[in-house]
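I have placed the structure first, in the form of structure tokens, so that the comments after it can refer back to it.
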Amino acid sequence: MMTAPIISFKDFSFQYNSQTEPTLQHLNLAIYPGEKVLIAGPSGSGKSTLGRCLNGLIPQSYQGTMTGSATVNGHDISTSSIFELSMDIGTVLQDPDSQFVGLTVVEDMAFSLENDQQTQPNMQAATTKWAQTLNLTDLLTHRPQELSGGQKQRVSMAGVLIDNSKILLFDEPLASLDPASGKASMALIDQLTRDEELTVVIIEHRIEDVLQQPIDRLIVMQDGAIVANDKPEAILRASLMAQLGLREPLYLSALKLAGVDLADCTHLDRLADLAVPNLTATLQQWTAGVDLKVPQVHADPLLEIDQLNFDYDPQRPIIHNLSVTLNRGEMISLVGQNGTGKSTLSNLITGFLTPQSGKLLFNGQSLLDQSVKERADQIGYILQDPNQMISKTLIFDEVAAGLTLRGVDPDEIEQRVLATLKVCGLYEFRHWPISALSFGQKKRVTIAAILVLQPAMIILDEPTAGQDLQHYTEMMTFLTKINREQGITIMLITHDMHLMLEYTDRTIVLGNGTILMDASPADVLTNDAIIDQASLAKTSLYELAEQHQLNPTEFVAKFVQAEREAR
Amino acid sequence: MQNKQSTSIRTVVATGIGAAIIFVLMKFVAIPTGIPNTQVNVAAGFLALLGAIFGPVAAGLAVFIGHALNDFVTYGSPWWTWIIVDGLIGVAFGFAKNRLKIEDGVLGTAKLVWFNIYQVIVNFIGWVLLAPTGDIIVYHEPATKVYLQGITTWLVNSISVAIIGSILLVLYARTRTQRGSLKKER
Amino acid sequence: MQNQLLIGYDNRHTFLNRLSGSTKLLCFVGLSIIGMMTYDTRYLIGVMVFSLIIFHFSKINYRDIKFVVNVIIGFSVLNLVMVYVFAPHYGVTIYGTEHLLLGSSQHYFNLTTEQLFYEFNLLLKYTFAVPLALIFLMTTNPSEFAASLNKIGISYRISYSVAIALRYIPDVQNDYRTISLAQQARGFEMSKKAPFMTRVRGSIQILLPLIFSSLDRIEVISQAMELRRFGKGKKRTWYMAQKFKSNDYLALLCVLVIILIGIGLFKVNGGRFWNPFN
Ligand SMILES: Nc1ncnc2c1ncn2[C@@H]1O[C@H](COP(=O)(O)OP(=O)(O)OP(=O)(O)O)[C@@H](O)[C@H]1O
Ligand SMILES: Nc1ncnc2c1ncn2[C@@H]1O[C@H](COP(=O)(O)OP(=O)(O)OP(=O)(O)O)[C@@H](O)[C@H]1O
Ligand SMILES: [Mg+2]
Ligand SMILES: [Mg+2]
């Protein structure tokens, strides 16, 4: 390539003041104008830190020591102000609630223009244009509290795109989006890249979802260093992702399971164009060779919900005549569009909200006359936002708090807490203050704090959002274990379709205030009407099966079984 | 710490979020003391922390805005003398920032004792001297009534800061990580 | 918990909605200061009637404000009773005459016309600004508020702090509720039966996540704002700012006249009090 790189790092290292070791180590990186780059890597590998170097938050807002050189569009990051850099690079942060500073959508979009002292007619023209592009025209006067996660995400994008900066940086844009919105966001980013000739850097754990649109380069980080930097196809072919403990696209795992040699394949990064000699035969042969085990049936009702009704505003019911029964020992996934009421339903079960009408029976006893605490002794609830649950400053104390309040013997507390911390991958941090943890680590602390109490049922609201594959697998394995061995009933709220397939035996699809479907996960994903209605998405396994005339349900079920056995 | 630009933006945001928290604490959070009509003033305790972290400007403005908004929506009209006094107390708490150096991560007993003496004096000047005098001059209310109100507020707020403020300060200091202090333990 | 902070702003399509926020702010502040200063009963009644007439035009539903009005009545009554209990002769001191209605002048608790009149004035002062405040709250778009503050001369940084407060109050409120429930679920005792220190500790247990997550939020929001160049210039423009129209000047003029009358009355009365007793 003849053009000069727009982003260039040469032997660049960075160490936060509070750390004993550098977080970024000897990075060498060049990104060229017009490229679309995905940065992946385990949690804590320094992806966000790299992002902060790009937009100038490091060294302007975060103090630390820097060595080597880093330039963005010709500006040296160590001497440029955040304002200068922000004209070149627009950042969409992970948490749209904090990025959304305006009182309404349109004000938030105009925020940077206001700071540039643009006139009102200019701002109106710009907001109108971008509202049309991002399909926000009907929402312009809405307040952030009235928007769904996906809509907030689009507002954040609009507020950054309005600057016409040539580089865009996204830190985990998909973390809390439902599958359909995630797909739509990626398609939108792709379209903008081409229409506006942008350079795009995306940091994300959901690699398969990002790869649905073409990506020019994949950069993999580990422990603060770049361990792979190439076209996605090359990295996928070398199976680097799997070696580094990252999730590779599912169809690749399936090919490997079926014994396909990746060296024979072309277009490995795009399922639609994938070409493998004799693939159909190989897959059919593999499928025929696997026997499906009969799933265990659970028929002992634990939680019975009958004709439940709830709304915040009588004009717009959120839960409407909802009835469902959860059985003892089940592992259930609750899925549905952003803003459809999944968190609301768990709040009703745990007593955080009171239904307008309906019955809730747990073990045959009504929950409605029990207090929040009484319900919590039986039903553990892990909220979506870990910051809302953490009340101590040290990790150990936080996990021990519930046991201490229940008057458990100190020795037993110590033993149970340490065991739980090991399971959740937090043992080595046990003496750290919680404030020094990453989002994913904090989430694990809250899960540990509930697990240690051993309730009869656990509800987890998006437990794996923002987690890397290793921790995700550890946690899910642990949940499966307590589900099998101790018979704890588990309900997971999730946007991750593969998690739903791989770990749960029953899926409840919520939509329009009621249950749209209640079936096995594989059946849900073969129902196109439901997928559409509930903003779900098929995983690449379904496409692969359909391309090769296999029964998708059976193929997926066999794949999941084989993966489970391999673990 | 950070560069000047970042600090000034942080002050703006701390003022706004601080005001939002003070508003919510004043309006919804009440720990009854057992004496009728008297509540532990949680907002005052929080103000001590806000001042110690963000300094006089943010603390003073935050409590001024939060208190004024709260008066506005609860009583229809703001009671300006008390709002101004609250703002001044916020400023005074903010001046303790340099002495407490809470960002450094340690808050010894000596500093804590000093702060509590300081806050009792600040509250005394504010609630027993300034606020009632303001009420007499501006609103022409009878002296006995406003002084009694002032003394009650002084006691309640000093105790609230002594309990809640001190706990918050200590816990916050504990969350601050010291330079080069984080290391994984196997 | 309702999300609408400023008890129901709604565009009711009246001339009050169309006035610029700065005008309404100036009028409100001007009238409330003059009302705070004066003890001229006629004047206070005049302003009160004026604001009630305006209130009628604002098409605000009584149902929406019933709760606030009750709180204000309760608050006023409590204060009036306190004033009477602590200073039953204060009216006599101010007006210099004594017209006994009940009891004798030797008794601590007696009732004079002067005291009644003084307390009536107090009541007027507690309440005269309420209709104006309600009009202001319910006809001013919260989005325009920060722009108005900036326009009347307050620095844009402080104005934006107010905007941030308005933006995040509903979020903090929701957080508070959720956190409190999550802590109760962990087993923290919050009931009235618990001893005082236990309750304080329980409350702090809720406050901590609220405060610490808000402090984190301050960091993230500052970064988000800095990445979008807040604080770059000496000024900033406002998308929601409204230009002054002729109605705005008219309204300001009316209020100016009312204020001048108030100041004139200080001269006429020779002080802040209007004394009908001599
Ligand atoms: N402000 C900070 N001060 C000190 N250390 C920090 C700070 N921010 C991050 N770190 C540390 O730097 C390391 C890398 O963090 P970073 O946030 O870049 O990870 P990440 O790759 O983005 O992870 P995730 O996928 O969980 O978001 C972590 O070990 C973290 O503890
Ligand atoms: N406190 C509240 N007041 C009014 N409406 C609310 C409140 N909380 C949530 N809502 C609305 O209720 C609906 C359901 O919200 P909920 O959080 O249950 O969605 P969800 O299915 O969990 O979405 P997500 O997948 O984005 O987490 C949303 O449309 C939301 O706007
Ligand atoms: Mg990150
Ligand atoms: Mg949710």
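The values are calculated or read from the model by the stated rules, or taken from the named source; none is laboratory data. If you're wondering where the values come from, they're calculated on a predicted model, not measured in any experiment. We place every Cβ from the backbone using ideal geometry, glycine too, and count neighbours over all the protein chains shown.
Do we find a residue being over 30 Å from A:L303 (Cα atoms) and at pLDDT 90 or above anywhere in segment A:447-460?
Scanning segment A:447-460 turns up no residue that is over 30 Å from A:L303 (Cα atoms) and at pLDDT 90 or above.
Scanning segment C:163-187 for residues that are at the interface with chain B (Cβ under 8 Å from one of its Cβ atoms) and not in a helix (DSSP H, G or I) yields no hits at all.
Of everything listed in (1) in contact (Cβ under 8 Å) with a residue 40 or more places away in the chain; (2) within 16 Å of ligand 4 (Cβ to nearest atom), the single unmet condition for A:E248 is (2). How many residues are of a type in the set (S, T, N, Q) and buried (at least 23 other Cβ atoms within 10 Å of the Cβ) if we restrict to segment A:495-538? Total satisfying the criteria: 3. In segment A:95-105 there is at least one residue matching the filter, namely being within 12 Å of ligand 1 (Cβ to nearest atom) and under 28 Å from B:I17 (Cβ atoms).
So which of A:V276, A:V227, A:V294 ends up being outside the structural domain of A:T504 (by TED's automatic domain parsing) and closer than 21 Å to A:R567 by Cα?
Values: A:V276 fails: closer than 21 Å to A:R567 by Cα; A:V227 fails: closer than 21 Å to A:R567 by Cα.
Unique residue meeting the criteria: A:V294.
Among the residues of segment C:116-137, at least one is among the charged types (D, E, K, R) and within 30 Å of C:F273 (Cβ to Cβ).
Kindly indicate the residue of segment A:482-494 that is assigned to a helix (DSSP H, G or I) and either modelled with pLDDT of 85 or more or within 16 Å of ligand 2 (Cβ to nearest atom) (or both) and also nearest to the other protein chains (Cβ to nearest Cβ) among those meeting that condition. The selected residue is A:N483.
Considering the conditions (1) facing chain A (nearest Cβ under 9 Å); (2) assigned to a loop (DSSP other than H, G, I, E, B); (3) on the phi < 0 side of the Ramachandran plot; (4) at pLDDT below 90, C:G231 is excluded by exactly one of them, (3).
Residues of segment C:32-87 being at pLDDT below 90 and small (G, A, S), which ones? Hits for segment C:32-87 are C:S32, C:G35, C:S51, C:S58, C:G74, C:S76, C:A87. Of all residues in segment A:381-413, which are closer than 23 Å to B:Y172 by Cβ, outside any loop (DSSP other than H, G, I, E, B) and within 16 Å of ligand 2 (Cβ to nearest atom)? Across segment A:381-413, the qualifying residues are A:P386, A:N387, A:Q388.
When the test is whether a residue is within 16 Å of ligand 4 (Cβ to nearest atom), of a type outside the set (V, I, T) and not in a helix (DSSP H, G or I), A:A180 does not pass it. Exactly one residue among A:R328, A:R375 is within 26 Å of A:M476 (Cβ to Cβ) and without any contact (Cβ under 8 Å) to a residue 40 or more places away in the chain, and that residue is A:R375. Of all residues in segment A:24-42, those satisfying the criterion of being surrounded by fewer than 20 Cβ atoms within 10 Å (Cβ to Cβ) and closer than 12 Å to A:D223 by Cα are A:Q25, A:H26. If you check A:Q370, A:Q365, A:Q337, A:Q384 for being away from chain C (no Cβ under 13 Å) and surrounded by fewer than 22 Cβ atoms within 10 Å (Cβ to Cβ), only one passes: A:Q365. Would a scan of segment C:208-220 turn up a residue that is among the small types (G, A, S), within 7 Å of another protein chain (Cβ to nearest Cβ) and in contact with a Leu (Cβ under 8 Å, 6 or more places away or on another chain)? No, there is no match, as no residue in segment C:208-220 is among the small types (G, A, S), within 7 Å of another protein chain (Cβ to nearest Cβ) and in contact with a Leu (Cβ under 8 Å, 6 or more places away or on another chain). Give segment C:242-265 a look and list any residue that's of a type in the set (F, W, Y) and touching a helix residue (DSSP H, G or I) at 6+ places or on another chain (Cβ under 8 Å), or say none. Within segment C:242-265, just C:F244 meets the criteria. Looking across segment C:217-240, just one residue is more than 18 Å from B:G16 (Cα to Cα) and of a type in the set (G, A, S), and that is C:G233.
If you check A:L169, A:L188, A:L161, A:L198 for being within 14 Å of chain C (Cβ to nearest Cβ), more than 16 Å from ligand 1 (Cβ to nearest atom) and more than 17 Å from A:H498 (Cβ to Cβ), only one passes: A:L161. Taking segment A:1-116 and the helices (runs of 4 or more DSSP H) fully enclosed by it, the elements with 2 or more residues that are more than 16 Å from ligand 4 (Cβ to nearest atom) and more than 14 Å from chain C (Cβ to nearest Cβ) are at A:47-55.
Taking first residues from segment C:68-81 that are more than 7 Å from every other protein chain (Cβ to nearest Cβ) and more than 12 Å from B:S77 (Cβ to Cβ) and partners that are assigned to a helix (DSSP H, G or I) and modelled with pLDDT of 85 or more, the Cβ contacts under 6 Å between residues at least 6 apart in sequence or on separate chains come to C:L80/C:E119. Here the condition is being of a type in the set (A, V, I, L, M) and either within 16 Å of ligand 3 (Cβ to nearest atom) or closer than 21 Å to A:G336 by Cα (or both); of A:L168, A:L147, A:L140, A:L136, it holds for A:L147 alone. For beta carbons closer than 7 Å, sequence separation of 6+ or different chains, a first residue in segment A:519-540 that is in the same structural domain as A:I508 (by TED's automatic domain parsing) and touching a residue at least 40 places away in the same chain (Cβ under 8 Å) and a second that is β-branched (V, I, T) and part of a loop (DSSP other than H, G, I, E, B), the qualifying pairs are A:P521/A:T504. When segment A:300-339 is filtered for residues that are within 19 Å of A:A519 (Cα to Cα) and within 16 Å of ligand 2 (Cβ to nearest atom), the ones remaining, listed by number, are A:I305, A:L322, A:V324, A:I332, A:S333, A:L334, A:V335, A:G336, A:Q337.
Residues in segment A:494-510 that are within 13 Å of the chain's Cα centre (by Cα) and polar (S, T, N, Q): A:T494 alone. Hey, does segment A:125-132 have a residue that's surrounded by fewer than 24 Cβ atoms within 10 Å (Cβ to Cβ), under 25 Å from A:E204 (Cα atoms) and within 16 Å of ligand 3 (Cβ to nearest atom)? No - not one qualifying residue is present in segment A:125-132.
Could you tell me which of the residues C:T113, C:T93, C:T41 is closer than 21 Å to B:G134 by Cα, of a type in the set (S, T, N, Q) and not assigned by TED's automatic domain parsing to the domain that holds C:I152?
Only one candidate qualifies: C:T93.
Only one entry in A:I31, A:I39, A:I58 is under 27 Å from C:D216 (Cα atoms), modelled with pLDDT of 90 or more and of a type in the set (A, V, I, L, M), namely A:I39. Within segment A:417-434, the residues that satisfy the criterion of being free of Cβ contacts under 8 Å to residues at least 40 places away in the same chain and of a type in the set (A, V, I, L, M) are A:V417, A:L418, A:A419, A:L421, A:L426.
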